[in-house]
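The values are calculated or read from the model by the stated rules, or taken from the named source; none is laboratory data. Nothing here was measured: the structure is a model prediction, and the numbers come from that model. Here Cβ is always computed from backbone atoms with ideal geometry, including for glycine, and neighbour counts include all displayed protein chains. Just the protein is used for accessible areas: all its heavy atoms, side chains included, with ligands, DNA and RNA removed. Shrake-Rupley method; radii C 1.70, N 1.55, O 1.52, S 1.80 Å.
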Amino acid sequence: MTPTQQWLRAGAAALTILAAVGTAQAADKVVTIWHTEPNEATKGAMAEIIADFEKANPGIKVNQEAIGWGDLDKKMQTALATGALPDAVHGQAYVERSLSAKGLLRPLDDVVASVGEDDIYDVVKKLNYNPKDGHYYGLAHAIGTDVTVYRKDFYREAGLSVDQPPETWAEWLDQLKKLTVDTDGDGKIDRYGLSLAGPGFFINEDLYMWTGSNGGRLFDEKGRPTFTEKPVIEVLEFWKELADCCLAPDWLSRGYLDTFADLATGKAATILGWGRGTGYFEKYAPDAVAAGDIGVFPAKPVGPSGQNFLTQLDCEPWMIFKDGQHPEEAAAFLKFFYQKDNYRKYIQTVPVHFFPITKSLQEDPDYLATPDFASWKFWTDAQRNIIANHEPKPVMVTEWDDLDLPFIAEIAGSTILVDMVTEVVQGGKAPMDAAQRAQDRAEKLITDLGYKTW
Amino acid sequence: MHDAVTQAQTIDHSEPLPRGRRIPEHWWGYVLLAPAVILVLGLILYPVIYSFWISLHAKHAYLPIENFIGLDNYAALLDDQEGFWRGLKLGAIFAVSSVGLQLVVGVSAAMLLNESFIGRTFARGVALFPYMVPMIVVVILMRWIFNDSYGVLKYLLQASGIVDDPIVWFSPDNVMLTLILVSTWTFFPFVVIGTLARLQTIDPELYAAAKVDGAGPLRRFYHVTLPQIRNVLFVIVLLRFMFMFTKFDLIWLFAGAGGLGYYVRTLPIYTYVRTFGELQVGAGAALSVTLFLMLVVFSIFYFTIFRRDEQL
């Protein structure tokens with residue numbers, strides 16, 4: 001056989017193998033899922049769940065793609081614009097309602113039924129159930145709440161109670177002033193009462209939570225912005241006072257993780273944060289953790305016009321695109337994902353941050369035996385109290401019907417609210433002037449988008 | 001035999017092709033140019049034209065909303081004091097200040113590196129280092145260095161007695177200055193490279209003659225060096241201004257769009273917010289086309305001034 005003939009035979013053999021592999025692959029239905037948990041532990045748990053699912057469902061393959069939370073919206077935009085949709089995806093709650101209103105999502109009633117509707121926390125059902133057509137279009141992969149995290153040792157030093165959360169903003173301000181101190185006697189403040197994250201998203205978060213805690217909302221029942229109304233103006237006044245007395249001068253440049261570093265290193269006495277940060281404290285403030293000096297308040301203070309506090313519910317839902325490649329197979333996978341053992345495996349990868357959506361898992365002995373709970377059960381207990389009794393709501397949503405507003409993503413993505421706060425808190429602008437400008441900008445944006453209904 | 005073949009080839013070439021199959025000589029030029037022209041049209045002109053087309057629409061980023069509105073997006077910019085005009089002003093402050101400092105530092109460093117001293121080659125390599133560092137690394141490094149609690153800059157300034165209280169570099173009042181300083185550090189090697197290359201080609205006899213005429217270092221710089229590097233500086237200023245005026249990554253990574261970013265929200269950042277934050281692709285395209293046209297006008301103006309000066 002000549003070398004040329006040998007090459008030809010080898011080529012033919014390779015082509016035959018490739019064709020065979022291609023045929024085998026074509027026989028599989030490949031379900032693509034995007035989720036927002038790129039940490040290795042969660043990706044590993046997902047990989048195990050997927051492997052078990054594929055074993056139980058020959059002919060279906062599941063590809064997971066873990067996307068940084070901050071990149072999800074952009075990737076979704078591109079997918080929607082180009083039609084290259086995944087089958088199942090995590091998203092923001094307001095995105096779910098917007099997409100379902102456009103008829104892009106497959107109802108998940110069967111997935112909810114498989115989990116057990118009665119077993120799911122009410123806030124999750126309110127979030128994912130669309131009363132207009134009586135369907136669920138999403139189901140949170142896990143939930144969690146924003147809580148007030150504080151250093152008990154600093155509170156004790158300041159003569160403050162470590163068990164009683166402040167009930168009003170006035171009381172909270174008094175506490176934070178006492179916690180803003182010069183610790184080394186050089187006449188300069190080196191510990192601030194509170195550390196807030198400065199990027200726009202976090203300012204939006206604080207603004208809507210405090211507005212809700214002050215008896216207000218960001219949009220009225222017709223969708224018109226309400227930025228110039230008393231509850232929002234009072235939030236701006238409160239924020240200004242807070243910045244003047246108790247926030248570091250560079251608070252606008254503090255990232256979310258910087259605030260955890262501030263609490264861990266003693267630069268701040270209080271922060272607003274999520275359960276994922278516990279690992280941060282274990283790494284950078286092991287002594288404080290060992291001494292039990294990290295605390296979480298199970299409630300937040302209310303403003304002068306408010307009766308109940310509002311805090312944020314972290315609740316990214318799974319959604320399935322109706323026009324994805326394999327929506328039914330994606331639904332089958334989600335049913336498998338929520339099966340008790342699989343779901344527990346997933347939840348236990350970030351146990352303090354991932355609060356399960358099902359009540360039954362809360363009583364599960366294997367779940368309760370999660371090792372992290374030895375140190376951090378108080379954090380989960382605080383979340384349980386808030387979820388069961390205080391109706392936390394997703395970002396930018398002060399009333400449940402805000403979920404139906406089609407322009408929440410655009411307002412959240414704009415700098416309108418952030419500028420309003422910055423102009424007052426840092427720029428010294430009168431709250432009403434800044435609010436009026438924000439109101440005008442928001443009304444114009446909503447009008448430009450074609451969503452004006454008032 | 002060889003002569004016969006040569007003769008035959010000569011005869012073949014001299015014979016005209018049949019009329020219908022003949023390709024005129026000059027067409028070959030077009031054919032050979034075609035790939036490059038198609039590439040330029042496809043990769044440069046098409047996006048510009050498409051951006052302009054999009055800018056004539058009220059177009060959502062991903063929902064199927066697209067209405068032709070003519071020049072309304074451009075008209076809206078004229079009234080957009082806080083977004084467009086403020087962004088233009090902040091961008092001009094950032095670009096002019098940064099380019100000015102880059103020139104001063106870059107030309108000074110180039111002149112120093114043009115002198116003979118031990119370790120010159122090493123120093124030249126070190127001088128180029130900032131330009132090679134990825135932007136995200138620069139931002140992380142500078143966030144540490146400029147930190148008002150534990151940054152090395154705070155330590156140096158206080159230890160040397162220059163300041164008593166630490167400067168909060170990332171406060172609303174200082175963030176623009178901080179970004180200008182960081183961008184100067186990052187991009188001055190670009191000026192060094194161009195200037196140093198030109199300095200090395202200046203005839204030493206010019207300096208010798210100037211010395212004989214009694215010119216000191218400053219006068220030698222003004223009357224010999226500066227005229228010699230003038231053409232290079234012209235190109236450097238043009239390029240650096242365009243790069244800095246459209247700078248996105250440095251500002252975005254340091255400050256984002258909101259909060260601290262409010263104080264450095266230049267036009268590229270504002271364009272991003274309009275396009276990907278507010279999901280108004282049409283309005284964002286109008287901003288980017290305007291930015292593009294401003295740079296074209298600036299370049300034409302700049303070239304005109306330079307040519308006029310050349311003729312004087």
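Collect the residues in segment A:164-188 that are of a type outside the set (D, E) and within 11 Å of chain B (Cβ to nearest Cβ), keeping them in residue-number order.
If the condition is that a residue be of a type outside the set (D, E) and within 11 Å of chain B (Cβ to nearest Cβ), then A:G187, A:K188 are the ones that fit.
In segment A:320-347, what count of residues is obtained for those that are at pLDDT below 95 and closer than 20 Å to A:N39 by Cβ?
0
B:G194 fails exactly one of the following numbered conditions: (1) open to solvent by less than 70 Å² (accessible area, probe 1.4 Å); (2) within 14 Å of chain A (Cβ to nearest Cβ). What is the number of that condition?
Only one criterion is unmet by B:G194, namely (2).
Scan segment B:267-295 for residues that are within 16 Å of B:K59 (Cβ to Cβ), open to solvent by 20 Å² or more (accessible area, probe 1.4 Å) and not hydroxyl-bearing (S, T, Y) and report the count.
Qualifying residue count, segment B:267-295: 4.
Restricting to segment A:243-258, name every residue that is modelled with pLDDT of 95 or more and crowded, with 23+ Cβ neighbours inside 10 Å.
Answer for segment A:243-258, where residues must be modelled with pLDDT of 95 or more and crowded, with 23+ Cβ neighbours inside 10 Å: just A:C246.
Exactly one of (1) exposed (fewer than 10 other Cβ atoms within 10 Å of the Cβ); (2) modelled with pLDDT of 85 or more is unmet by B:I54. Its number?
For B:I54, the failing item is (1).
For segment A:339-366, how many residues are among the hydroxyl-bearing types (S, T, Y) and either open to solvent by 20 Å² or more (accessible area, probe 1.4 Å) or more than 18 Å from A:D314 (Cβ to Cβ) (or both)?
2
Looking at (1) open to solvent by 40 Å² or more (accessible area, probe 1.4 Å); (2) in contact with a helix residue (DSSP H, G or I) (Cβ under 6 Å, 6 or more places away or on another chain); (3) in a loop (DSSP other than H, G, I, E, B), which is the one condition that is false for A:K222?
The one condition A:K222 does not meet is (2).
Out of all the residues in segment B:255-266, which are more than 7 Å from chain A (Cβ to nearest Cβ), open to solvent by 10 Å² or more (accessible area, probe 1.4 Å) and not hydroxyl-bearing (S, T, Y)?
Selection gives B:A255, B:R265.
Would segment A:90-99 turn up any residue that is of a type in the set (F, W, Y), over 16 Å from A:I357 (Cα atoms) and buried (at least 20 other Cβ atoms within 10 Å of the Cβ)?
For segment A:90-99, residues of a type in the set (F, W, Y), over 16 Å from A:I357 (Cα atoms) and buried (at least 20 other Cβ atoms within 10 Å of the Cβ): present.
Of the conditions (1) open to solvent by 30 Å² or more (accessible area, probe 1.4 Å); (2) more than 30 Å from A:A412 (Cβ to Cβ), B:V224 satisfies every one except a single condition; which number is it?
(1)
Which one is surrounded by the fewest Cβ atoms within 10 Å (Cβ to Cβ), of the residues in segment B:143-161 that are away from every other protein chain (no Cβ under 13 Å) and hydrophobic (A, V, I, L, M, F, W, C)?
B:A159
Kindly provide the set of residues from segment B:57-77 that are open to solvent by 70 Å² or more (accessible area, probe 1.4 Å) and either in contact with a Leu (Cβ under 8 Å, 6 or more places away or on another chain) or closer than 17 Å to B:P268 by Cα (or both), ordered by number.
Within segment B:57-77, B:F68, B:L71 meet the criteria.
Could you tell me whether any residue of segment A:310-321 is more than 30 Å from A:I49 (Cα to Cα), of a type in the set (A, V, I, L, M) and either within 14 Å of chain B (Cβ to nearest Cβ) or without any contact (Cβ under 8 Å) to a residue 40 or more places away in the chain (or both)?
Within segment A:310-321, none of the residues are more than 30 Å from A:I49 (Cα to Cα), of a type in the set (A, V, I, L, M) and either within 14 Å of chain B (Cβ to nearest Cβ) or without any contact (Cβ under 8 Å) to a residue 40 or more places away in the chain (or both).
Can you confirm whether B:G106 is more than 14 Å from every other protein chain (Cβ to nearest Cβ) and on the phi > 0 side of the Ramachandran plot?
Against the criterion (more than 14 Å from every other protein chain (Cβ to nearest Cβ) and on the phi > 0 side of the Ramachandran plot), B:G106 does not qualify.
For every residue, the table says whether it meets (1) in contact with an Asp or Glu (Cβ under 9 Å, 6 or more places away or on another chain); (2) surrounded by fewer than 20 Cβ atoms within 10 Å (Cβ to Cβ); (3) aromatic (F, W, Y).
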residue: B:Y131; (1), (2), (3): no, yes, yes
residue: B:L141; (1), (2), (3): no, yes, no
residue: B:V163; (1), (2), (3): no, yes, no
residue: B:P172; (1), (2), (3): no, no, no
residue: B:L177; (1), (2), (3): no, yes, no
residue: B:F188; (1), (2), (3): no, no, yes
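If you take the residues of segment B:78-99 that are part of a helix (DSSP H, G or I) and without any contact (Cβ under 8 Å) to a residue 40 or more places away in the chain, which of them is nearest to the chain's Cα centre (by Cα)?
B:K89
Okay, residues lined up against (1) among the basic types (K, R); (2) open to solvent by 50 Å² or more (accessible area, probe 1.4 Å):
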{"site": "A:R384", "(1), (2)": "yes, yes"}
{"site": "A:H390", "(1), (2)": "no, yes"}
{"site": "A:D401", "(1), (2)": "no, yes"}
{"site": "A:P406", "(1), (2)": "no, no"}
{"site": "A:M432", "(1), (2)": "no, yes"}
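If you check A:E171 against the conditions, is it at pLDDT 95 or above, in contact with a Pro (Cβ under 7 Å, 6 or more places away or on another chain) and assigned by TED's automatic domain parsing to the domain that holds A:F297?
Yes; evaluated as a whole, the condition is true for this residue.
Does A:W239 satisfy the criteria of being open to solvent by 10 Å² or more (accessible area, probe 1.4 Å), under 19 Å from B:G258 (Cβ atoms) and in the same structural domain as A:D293 (by TED's automatic domain parsing)?
no
Inside segment A:72-99, can you point out the residues that are among the small types (G, A, S), part of a helix (DSSP H, G or I) and within 13 Å of chain B (Cβ to nearest Cβ)?
A:A79, A:A81, A:S98, listed by residue number.
Could you please tell me which pairs satisfy a Cβ distance under 9 Å, a separation of 6+ or placement on different chains, a first residue in segment A:440-451 that is touching a residue at least 60 places away in the same chain (Cβ under 8 Å) and at negative phi, and a second residue that is open to solvent by 60 Å² or more (accessible area, probe 1.4 Å) and among the hydroxyl-bearing types (S, T, Y)?
As it stands, the answer is A:I446/A:T453, since those pairs meet every condition given.
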